[in-house]
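Participant: I have a structure here, written as structure tokens, and I will follow up with some questions on it.
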Number of protein chains: 2
Amino acid sequence: MIFHYPNGQPYKAAEESSPQKPSSSARYGHRGMTLEEDLNVTNRYYIEADRAVIYKKPTPIQIVHVDYPKRSAAKITEAYFRKASTTDYNGVYRGKYIDFEAKETKYAHALPLKNFHDHQVEHMRRIKRHGGIGFIIVKFSKTDEVYLLDADYLDVYWTASREKGARQSIPKSLFLEKGFRIPQKYLPRIDYLQVVDDVYF
Amino acid sequence: MIFHYPNGQPYKAAEESSPQKPSSSARYGHRGMTLEEDLNVTNRYYIEADRAVIYKKPTPIQIVHVDYPKRSAAKITEAYFRKASTTDYNGVYRGKYIDFEAKETKYAHALPLKNFHDHQVEHMRRIKRHGGIGFIIVKFSKTDEVYLLDADYLDVYWTASREKGARQSIPKSLFLEKGFRIPQKYLPRIDYLQVVDDVYF
């Protein structure tokens, strides 16, 4: 069964992205793995290699009812997905605060802005104002390309899109011109810190 | 109804700690408010005053079953609380990565170490190694005193406690000697950044 978040993206249980048991598709290539799975494995690799401490935040859930069966764990029997007011990933790298959101698109030529919402863009503005490093990681799944783009560009396109009749996506050409291609390898799978080293340090 | 986390602490719905509708006890004093509620209001204040961007992470939940009723929101019908592998709070302040765990104790003379677990102590070690600021905020509820204590001291006591027959708590005297009392006021309620300013900058 596939669960869906409020944004329409399918829910993946933590177990499914376990690095201990890579599927054969994972073993021999990146196709078939979601960006989120790849980033989870990457972040775990960074922690184990003592290179950075970056985690995906848990999905925010509104709990309505919990049962307390005798002699077993508390069971949540009614709860709902909540909209995140921040980005999904944050942590510390080389003494700096790192914050990013990751998105995957099937479109070949643009990333639709409906992948984001106001609170997230505002959150990234704040992060940058307070001296943090903020960016988005975007996977164009058709071509299996992954890019890092500074949050300032998201901000510019987001703000422009609020105008009547304005474009509602970020063109792929911007990723080619202003973004940075992230190398994909066996380990770490999505080596975004290599790009962060070049761009922010 | 009061829910309980796996660590035995009661679950509080986000709504209950809403700053828009302070209860009369909240309006006239701190007693009656949990440390978590006070910190949520404090962090919201810091964000609104544009002083820092620090959030409590969502509670990690293991989702087992979700229903998709027609024309209404996805409903989680079976889920369980998971143990957090990191601390509860993190964010950015004055360009620095900030990370902390908050604990409340009814004991007058010590903080029992069972309030923490291995993963959290290890997480804080990593944070400090990578140049982040890491500490614990502890409320002694009997006397309504709140202290900030650097994570290094937790590490020292935690490590010592692993020895056979060793002490399993941090004495309050350590908070008095090596910790810093956090001023409690109307707004921000638990002004821990004032202490962070003095101690880490």
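The values are calculated or read from the model by the stated rules, or taken from the named source; none is laboratory data. Quantities reported herein were computed from a predicted structural model and do not represent experimental measurements. We place every Cβ from the backbone using ideal geometry, glycine too, and count neighbours over all the protein chains shown. Please note that ligands, DNA and RNA were not included when accessible areas were found on the heavy atoms of the full protein model with its side chains. Shrake-Rupley method; radii C 1.70, N 1.55, O 1.52, S 1.80 Å.
Participant: Radius of gyration and Dmax for the stretch A:83-201's Cα atoms, expressed in Å?
Facilitator: In order Rg, Dmax, the Cα atoms of the stretch A:83-201 give 13.9, 45 Å.
Participant: Would you give the gap between the C-alpha center of the stretch B:118-185 and the C-alpha center of the stretch A:121-157, rounded to a whole Å?
Facilitator: With the stretch B:118-185 and the stretch A:121-157 each reduced to a Cα centre, they are spaced 35 Å.
Participant: May I ask for the net charge around residue A:77, where only other residues with Cβ less than 12 Å from the Cβ of residue A:77 are counted and Lys, Arg are +1 while Asp, Glu are -1? Show your work: numbers first, answer last.
Facilitator: Details: positive: A:75, B:75; negative: A:67, A:78, B:67, B:78.
Net charge around residue A:77: -2.
Participant: Return one whole number: the accessible area per residue of the stretch A:111-201 in Å², for a 1.4 Å probe.
Facilitator: Per residue, the stretch A:111-201 has 46 Å² of solvent-accessible surface.
Participant: Same structure again: Measuring label to label, 7 Å along Cα→Cβ, what does residue A:119 give against each other copy in nm, shortest first?
Facilitator: Spelled out, the distances from residue A:119's label point are 2.4 nm.
Participant: Am I reading the B/A interface right? What is its buried accessible area, both sides, 1.4 Å probe, to the nearest 100 Å²?
Facilitator: 4100 Å²
Participant: With labels modelled as points extended 7 Å from the Cα through the Cβ direction, what inter-label distance (nm, one decimal) is found for residue A:185 paired with residue A:68?
Facilitator: Each label point lies 7 Å from its Cα, and together they span 5.2 nm.
Participant: Distances from residue B:67 to the same residue in each other copy, label points 7 Å out along Cα→Cβ, in nm, shortest first?
Facilitator: Once sorted, the set of distances for residue B:67 reads 1.3 nm.
Participant: To continue, here is another question. Net charge within 11 Å of residue A:118 by Cβ-Cβ distance, Lys/Arg positive one each and Asp/Glu negative one each, not counting residue A:118 itself?
Facilitator: +2
Participant: I need the inter-copy label distances for residue B:194: point set 7 Å along Cα to C-beta, values in nm with one decimal, smallest first.
Facilitator: Values, ascending and in nm: 4.9.
Participant: Roughly speaking, what is the stretch gain from residue A:178 to residue A:161, that is 0.36 nm per residue apart minus the C-alpha to C-alpha distance, in nm to one decimal?
Facilitator: 4.3 nm
Participant: Sticking with this one: Among B:135, B:115, B:148, which residue has its Cα furthest toward the positive end of the charge dipole of the stretch B:58-180, with +1 on Lys/Arg Cβ and -1 on Asp/Glu Cβ?
Facilitator: B:115
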